[in-house]
Amino acid sequence: MRRPSLNSREVSSSRKHRRIFADNGVAMCVDCVEKDYPNRGNICLESGSFLLNFTGCAVCNKRDFMLITNKSLKEEDGEEIVTYDPDLCKNCHHVIARHEYTFSIMDEFQEYTMLCLLCGKAEDTISILPDDPRQMTLLF
């Protein structure tokens, strides 16, 4: 019986590849991830891949690093939107997920969001003031 190496994790090739589609029609593979859109709390990543959630490529059966491709940056109404297909298999170029990260300033706060099949979903809000008004206590 052949044992998988530490650098490459075997994935069953007998199953059909289940896909879900992003708003723009990009197919994402749910067979390559441990959990779909894991809740990451307030950890919003502009780039990178959450490799702990990656079970291995369902096409080539390898578990390796990802390639970042098709990165785009656009601004809409003061909101910065970064999208890319980061989770592209390095070996066979199978698209695993589409990563979307947004940044905006609303009043006195910076707002961040992340949505990715592999990396998960997250939101964070940070005050741009020296003292966060949400942390202030009333002195009355």
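Provide the net charge surrounding Asp132, with neighbours chosen by a C-beta distance below 15 Å and charges set as Lys +1, Arg +1, Asp -1, Glu -1. Before the final figure, lay out the partial values.
Values: positive: Arg134; negative: Asp107, Glu108, Glu111, Asp124, Asp131.
Charge balance near Asp132 sits at -4.
Residues in segment 69-79 carry Karplus couplings, in order, of 9, 6, 6, 9, 10, 9, 10, 9, 6, x, 9 Hz; the curve used is 6.51 cos²θ - 1.76 cosθ + 1.60 with θ = phi - 60°, and Gly or Pro positions show x. Local charge for Arg40 was computed over the other residues whose Cβ lies under 14 Å away, with Lys and Arg +1 and Asp and Glu -1, and equals -4.
The accessible-area ordering, largest first, of the residues Thr113, Thr83 stands as Thr113, Thr83, per a 1.4 angstrom probe.
Residue by residue, segment 112-123 carries 3J(HN,Hα) couplings of 10, 9, 9, 9, 7, 4, 7, 7, x, 10, 7, 9 Hz when phi is fed to the Karplus relation 6.51 cos²θ - 1.76 cosθ + 1.60 (θ = phi - 60°); x denotes Gly or Pro.
Accessible area of Leu67 (1.4 Å probe, protein heavy atoms only, ligands and nucleic acids ignored): about 60 Å². Within the shell of other residues whose beta carbon sits under 9 angstrom from the beta carbon of Glu111, the net charge comes to -3, with Lys and Arg scored +1 and Asp and Glu -1.
Taking amide H as placed 1.01 Å from N in the peptide plane, the amide H of Val33 sits under 5 Å from that of Thr55, each at least 5 places away or on another chain.
When Asp131, Asp64 are compared by accessible surface with a 1.4 Å probe, the order from highest to lowest is Asp131, Asp64. When the alpha-carbon atoms of segment 20-135 are used, the pair Rg, Dmax equals 15.6, 51 angstrom. Between the amide H of Phe50 and those of Cys119, distances stay under 5 Å, these residues lying 5 or more places away or on another chain, with hydrogens modeled in the peptide plane.
What is segment 39-86 by shape, rounded, prolate or oblate, if you read a ≥ b ≥ c off the alpha carbon gyration tensor as root eigenvalues and call it rounded for a/c under 1.5, prolate for a/b larger than b/c, and oblate otherwise? Oblate is the answer for segment 39-86, as a/c is 1.5 or above yet b/c matches or exceeds a/b.
Grab the Cα-Cα distance for Ile128 and Glu75, subtract it from 0.36 nm times how many residues apart they are, and report the gain in nm with one decimal. The partial results should precede the final answer.
Working: separation 53, 0.36 × 53 = 19.08 nm, distance 1.99 nm.
Using 0.36 nm per residue and subtracting the Cα-Cα distance, I get 17.1 nm.
Amide H contacts for Ala97 (H built 1.01 Å from N in the peptide plane; partners 5 or more residues away or on another chain; cut-off under 5 Å): Cys29, Asp87.
Per residue, segment 29-140 exposes an accessible area of 58 Å² to a 1.4 Å probe, with every protein chain left in place.
The values are calculated or read from the model by the stated rules, or taken from the named source; none is laboratory data. Everything quoted here is computed from the prediction, not taken from an experiment. Cβ: placed from backbone, ideal geometry, glycine included. Neighbour counts: every protein chain shown. Ligands, DNA and RNA are stripped out before the accessible areas are found, and what is left, the full protein with its side chains, is counted by its heavy atoms. Shrake-Rupley method; radii C 1.70, N 1.55, O 1.52, S 1.80 Å.
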